[in-house]
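Chemist: This is the structure I have questions about; it appears just below.
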Amino acid sequence: MTDRSSTHSAEDDDRNRDIKIFVNGDIVHRDDAKISVYDSGFLLGDGMWEGMRLYDGHWAFFDDHMDRLFDSCKAVSLDIGMDRAGVAEALAQTAAANDMHTDVHCRLMVTRGVKVKPFQHPALSQSGPTVVIIMEHSRPVDSLQSTGIRLATVPQVRGLPMAQDAKFNSHSKLNCVIACLQAEQAGADEGLMLDPHGFVNTTNACNFFIVRRGEVWTSTGDYCMNGVTRQKVIDLCRADGIPVFEKNFSLYEAYGASEAFLTGTFGAQTPVAEIDGKPIGDGTRPVMARIQKLYKDLVAREISK
């Protein structure tokens, strides 16, 4: 791990050097996990993916992740080649091959498959989809909960749905990569991205929340990523009586927040320490701590089913 933090900063784990990876039905050592240079995902970023967490042998919020994956693939006419039960079985086989049970992060990737020529048209993908499952032993670094993430507002924006809808968890992540680079060049950990109208939206990797006067605010959802953890946080706030609003808000309001945090499958809820060099609040985060407790309880209920 480098000195630079991110919401995906994880503890080093030597076991990951010998993980086994699912590639189109075969489970092979990571050194032997390969796809064709003609694959649609490599050539064009033509594919969808899901990030999931394994807790005590259970994939948290599996149905929600499958809803997003299958909806996204349907929207771009990408046939996964298996149903939800087939995906669950592939995940189970990969976890068993790695003797993985908890504190595991999975990246499930589906592309349109190998093309007969290195050009754009989807009809050139004629061999069926490529499905890859990477699982790693992965625990978020504890220090982030005290130090928090430093954000910098970046020029790269979350675009309009007719350009590339942010609700697609697609392999085409150049927009986010550019935002990440811009944040790094500004000396921050991650980039805070605005929507086309200049309102605060997401970071390059996660959805974004602030707390003002005891209220939790996040973006309208019109331009943000279709986050499973984001929706769980909103639902938990509503169920527990925490005022929560999906609304437009500006950097002015973000700078003046008493708390700010990010949501994502890997880190769950990660505190934000500063935005554009301005400290957020006084360093205490009672509302986020309450939400973290509610989320941990929700995960416990989910995996006990």
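No value in this document is a laboratory result; all are computed from the given coordinates. Nothing here was measured: the structure is a model prediction, and the numbers come from that model. A quick note on method: Cβ atoms are made from the backbone with ideal geometry, for glycine too, and the neighbour counts reach across all protein chains shown.
Chemist: Mind pulling the angle between the C-alpha long axis of helix 174-185 and the longest principal axis of the chain? Nearest 10 degrees, somewhere in 0 to 90.
Modeler: Tilt relative to the chain: about 50 degrees.
Chemist: Any chance you could give the angle, 0 to 90 degrees and rounded to 10, that helix 84-97 forms with the longest Cα principal axis of the chain?
Modeler: The answer is roughly 90 degrees.
Chemist: Counting only other residues whose beta carbon sits under 13 Å from that of residue 274, what net charge do I get with K and R as +1, D and E as -1?
Modeler: -3
Chemist: What percent antiparallel are the DSSP beta bridges of the chain, to the nearest 5? Display every interim value, and only then the final one.
Modeler: Working: 47 of 56 bridges.
Around 85 percent antiparallel, to the nearest 5.
Chemist: Here's something else I'd like to know. Among residues other than residue 123 whose Cβ falls under 13 Å from its Cβ, what is the net charge (Lys/Arg +1, Asp/Glu -1)? List each step's numbers first, then the result.
Modeler: Numbers: positive: 112, 115, 117; negative: 46.
Its environment carries a net charge of +2.
Chemist: What list of ³J(HN,Hα) couplings, whole Hz, do you get for the range 7-20 from phi and the Karplus terms 6.51, -1.76, 1.60, once you set θ to phi - 60° and write x for glycine and proline?
Modeler: Those phi angles translate into 5, 10, 5, 10, 5, 5, 9, 4, 4, 5, 5, 10, 5, 10 Hz.
Chemist: What shape does the range 93-230 take by its C-alpha gyration tensor, where a ≥ b ≥ c are the square roots of the eigenvalues and a/c under 1.5 counts as rounded, a/b above b/c as prolate, and the rest as oblate?
Modeler: oblate
Chemist: Per DSSP helix of 4 or more residues, -39500 (n - 2.57); summed, then divided by the residues of the chain. What does that give at 222 nm, rounded to the nearest 500?
Modeler: Value at 222 nm, helices only: -8500 deg cm²/dmol.
Chemist: Okay, next question. Going 7 Å from the Cα of residue 165 in the Cα-to-Cβ direction, what parts of the range 198-223 have a backbone nitrogen less than 15 Å from that spot?
Modeler: So the set is 221-223.
Chemist: While we're here: Take peptides 31-40, 182-191 and line them up by average Cβ neighbours within 10 Å, highest first, as a rough protection proxy.
Modeler: Ranked from most to least packed, the peptides come out as 182-191, 31-40.
Chemist: Residue by residue, what Karplus-based ³J(HN,Hα) values in Hz, rounded to whole numbers, does the range 253-258 have, using 6.51, -1.76 and 1.60 with θ = phi - 60° and x for Gly and Pro?
Modeler: Once θ is set to phi - 60°, the couplings for the range 253-258 become 6, 5, 4, x, 5, 7 Hz.
Chemist: Quick check: from the Cα gyration tensor, does the range 14-137 come out rounded (a/c under 1.5), prolate or oblate?
Modeler: Working: a/c = 2.41, a/b = 1.45, b/c = 1.66.
Because a/c hits 1.5 or more and a/b fails to exceed b/c, the range 14-137 counts as oblate.
Chemist: Could you state the angle between the C-alpha long axis of helix 286-303 and the longest principal axis of the C-alpha atoms of the chain, as a value from 0 to 90 degrees rounded to the nearest 10?
Modeler: 30 degrees
Chemist: Can you compute 3J(HN,Hα) from phi for each residue in the range 237-248, using the Karplus curve 6.51 cos²θ - 1.76 cosθ + 1.60 with θ = phi - 60°, rounded to whole Hz and x for Gly and Pro?
Modeler: For the range 237-248, the Karplus curve yields 4, 5, 6, 9, x, 8, x, 9, 9, 9, 7, 6 Hz.
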